[in-house]
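Working notes for the structure below.
The values are calculated or read from the model by the stated rules, or taken from the named source; none is laboratory data. Just so it is clear, the structure is predicted and the values come from calculations on it, not from any experiment. Here Cβ is always computed from backbone atoms with ideal geometry, including for glycine, and neighbour counts include all displayed protein chains. Ligands, DNA and RNA are stripped out before the accessible areas are found, and what is left, the full protein with its side chains, is counted by its heavy atoms. Shrake-Rupley method; radii C 1.70, N 1.55, O 1.52, S 1.80 Å.
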Amino acid sequence: ILPFPACRFLIKGSVAGGAVYLVYDQDLLGPSDKSQAALQKAEEVVPPAMYQFSQYVCEQTGLKMPQLPAPPKFNFHVRDSWNSGIIKVMSALSAAPSKACEYSREGWNYLKERIK
Amino acid sequence: MSDSELGRKWDRCMADTVVKIGTGFGLGLVFSLTFFKRRMWPLAFGSGMGLGMAYSNCQHDFQAPYLLHGKYVKVRTE
């Protein structure tokens, strides 16, 4: 029978070793295409697993959990988001002077009507 | 490098950064809880390592088309 500190060390070592092996096996710290594939695999696997876990918890405890909204998509395209963001910012900047004139005119008309 | 290929490289770079920082943070968390008495430095160390590895991968990915690979050829002079 092992003493308690040795047991604790073995448990901690096995947890840490298992984490390191999982990282090595899934190639998470390797080339970028492997990391991207791992992220896509996680995106496919995690939401159904969470849904099944919530269903299991509902069955075991008898609670009725509300329908959770769909999880957000991780795999968005940075280039498309960046380009659309730049276009929106530039169009807002180009329309800003005319909008400012229009709003100030409307505000001035409102004040004149209130003063009358 | 075409625009679509550049966009794909940026997407890959962002995904790689997220995965590596998360992995480094996770490993740092595990080691902090198991061996280092819940200190903060393993998390910072792991996250920093992940960020550095992702930056190195991205740099290599973007520079790869422009790198020249050569080899030494011995010339026999008689």
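Quick notes
- Shielding of A:12-22 by partner chains, average beta-carbon count, 10 Å: 3
- Student exercise, the protein assembly as shown dipole from Lys, Arg, Asp, Glu Cβ charges, in Debye to nearest 20: 640
- Cβ-derived FRET efficiency at R0 22 Å, A:VAL57 paired with B:ARG38, nearest 0.05: 0.15
- Segment B:3-61, relative contact order in percent, only Cα pairs under 8 angstrom and at least six apart counted: 40
- For the peptides A:8-20, B:27-39, the ranking by packing is B:27-39, A:8-20, with the highest mean count of neighbouring Cβ atoms within 10 Å listed first.
- Inverse mean reciprocal Cα-Cα distance (Kirkwood Rh) of chain A, Å: 21.4
- Dipole in debye (nearest 20) - segment A:1-67, about Cα centre, beta carbon charges: Lys, Arg +1; Asp, Glu -1: 340
- Given charges at beta-carbon only (K, R positive; D, E negative), |dipole| of chain A in Debye: 620
- By the rule of a C-alpha distance below 15 Å, with chain neighbours fewer than 8 residues away ignored, the aspartates and glutamates paired with A:LYS88 are A:ASP80.
- Note on B:LYS9: lysines with a C-alpha under 23 Å away, same-chain residues under 8 apart excluded, are A:LYS34, A:LYS41, A:LYS73, B:LYS20.
- The coefficient of translational diffusion for chain B, derived via Stokes-Einstein from the alpha carbon Kirkwood radius under 4 °C and 1.567 mPa s, stands at 86 µm²/s.
- Within 10 Å of each Cβ in B:4-11, the average number of Cβ atoms from other chains: 3
- Solvent-accessible area per residue for segment B:3-61 (1.4 angstrom probe, square angstrom): 59
- Intensity falloff of segment A:1-40 expressed as log10 I(q)/I(0), Debye formula with alpha-carbon point scatterers, at q = 0.24, 0.30, 0.33, 0.34 Å⁻¹: -0.74, -0.90, -0.97, -1.00
- Residue-averaged beta-carbon neighbours from other chains (10 angstrom radius) around A:33-39: 6
- Ellipsoid fit via the Cα gyration tensor, segment A:1-67: semi-axes of 31, 26, 6 Å, each the root of five times an eigenvalue, largest first.
- A simple packing score, the average count of other Cβ atoms within 10 Å per residue, orders the peptides A:83-91, B:9-17 as B:9-17, A:83-91, with the highest score first.
- Taking only the alpha carbons of the protein assembly as shown, we obtain Rg and Dmax values of 27.3, 108 Å in that order.
- The listed peptides A:45-57, B:66-78, A:92-104, B:44-56, ordered by packing as a protection proxy, come out as B:44-56, A:45-57, A:92-104, B:66-78 (highest mean of other Cβ atoms within 10 Å first).
- Dipole axis of chain A (+1 Lys, Arg; -1 Asp, Glu on Cβ), positive-most option in A:LEU93, A:CYS58, A:PRO5: A:LEU93
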